[in-house]
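Just below is one structure, and these are the notes that go with it.
Just so it is clear, none of the values below were taken in a lab; they were calculated from the coordinates. A quick note: this is a predicted structure, and the numbers were derived from the prediction, not measured. For neighbour counting, all protein chains shown are included, and Cβ atoms are generated from backbone atoms with ideal geometry for every residue, glycine included.
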Amino acid sequence: MSTNAFIAVGYDGSPDARAALSWVAEVATLRKEAIVVTIVVDGKDNPRGVGWPESWWADIEDSARDILGDFPRVEYRLARVAGNKVEMLSEAARDASMLVVGSHGHSVVGQVFIGSVSQAVARHAASPVVVVREPQTPYAGRIVVGSDAGEPSTRALEFACTMAEVTGDKVAVIRAWQPATVPQDRYGYAPLTTGSLEVHQARLEVTVEQLAAAHPTVAIQGDVVETSPARALVDASASASLVVVGSHGRNAVAEVMLGSVSHAVLHRAHCPVAVVE
């Protein structure tokens, strides 16, 4: 990794933000990247327009320093900015290798739920967005990534393999298949795949071969799963250290397309989730 590269992380001192910062510090150590910790002062959080005292923000900054103090090899910078959370975090990640946020971060008054900030930055940030949550299987040693015929899937596959090169994890490439159109699954999303099982197996074999050639140090396996894409990835995430999905850009269609698979995975995955545009 380039020594000029950095990882952006949104931080507010909440337990989930602390978990996200610890995750970032471990990854930054492996990738040899710096960290930019962004603390957003959003006027909407102030009760009746009364600003929080300087001591409040100083405590948040000190808590970030405490966490990063356990990672002496990582260079970092704290940045306090004022404005809308989604806009400020997206701006902070403009030139970053990724933007990392907690799954249920807290604003200065009350909880900021996944649907408001974490999912919004996943739609709008120009860089990959990682939403950190406690994995169901710690130290699983496996990165799960969805594969289909789209360009976002190609970028997601590359992100997963690049991460695995530094973490030493295996990569499990999941391709969902169903024999015919069926009613919506339990996550509320209809299947997005068609064609025969043999066709999907053949396409997946080609994908795995290409990835193995491009990333010879990474152990890569493929699996065609007879279910919807959302359910396949959510189920596989139970035994993964990271699940990676592709999004469909930041245009008007993104609101709908993110909802088809990425939305379900963001809400229901059992480990950190990376959304790659």
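As a proxy for reagent exposure, ranking 170, 85, 32, 44 by other Cβ atoms within 10 Å from fewest up yields 44, 32, 170, 85.
Annotation: amide H of residue 100 within the under-5 Å range of 8, 9, 10, 130, sequence separation 5 or more or interchain, hydrogens built in the peptide plane.
Ranking of 203, 142 by neighbouring Cβ atoms within 10 Å, starting from the fewest: 203, 142. Summing Lys and Arg as +1 and Asp and Glu as -1 over all other residues whose Cβ lies under 12 Å from the Cβ of residue 80 gives a net charge of -3. Net charge of the neighbourhood of residue 201, taken over other residues with C-beta under 15 Å away and scored Lys/Arg +1, Asp/Glu -1, is -4. With the highest mean first, a sort of the peptides 71-84, 218-231 on other beta-carbon atoms found within 10 angstrom per residue produces 218-231, 71-84. Across the range 209-222, rounded Karplus estimates of 3J(HN,Hα) from the backbone phi angles (6.51 cos²θ - 1.76 cosθ + 1.60, θ = phi - 60°) give 4, 5, 5, 4, 5, 7, 9, x, 8, 9, 7, 10, 10, x Hz, Gly and Pro being marked x. For residue 32, the aspartates and glutamates whose Cα comes closer than 13 Å to its Cα, not counting residues fewer than 8 places off in the same chain, are 75, 165.
Can you list, largest first and rounded to whole Å, the semi-axes you get for the range 6-132 by taking the square root of 5 times each eigenvalue of its Cα gyration tensor? Value: 22, 17, 12 Å, ordered largest first.
Cβ crowding within 10 Å ranks 137, 217 as 217, 137, fewest other Cβ atoms first. All other residues with a Cβ under 13 Å from the Cβ of residue 266 taken together, and with Lys, Arg as +1 and Asp, Glu as -1, what is their net charge? So the environment of residue 266 carries a net charge of +3. Computing FRET efficiency as 1/(1 + (r/R0)^6) for residue 202 and residue 155, where r is the C-beta to C-beta distance and R0 is 25 Å, gives about 0.65.
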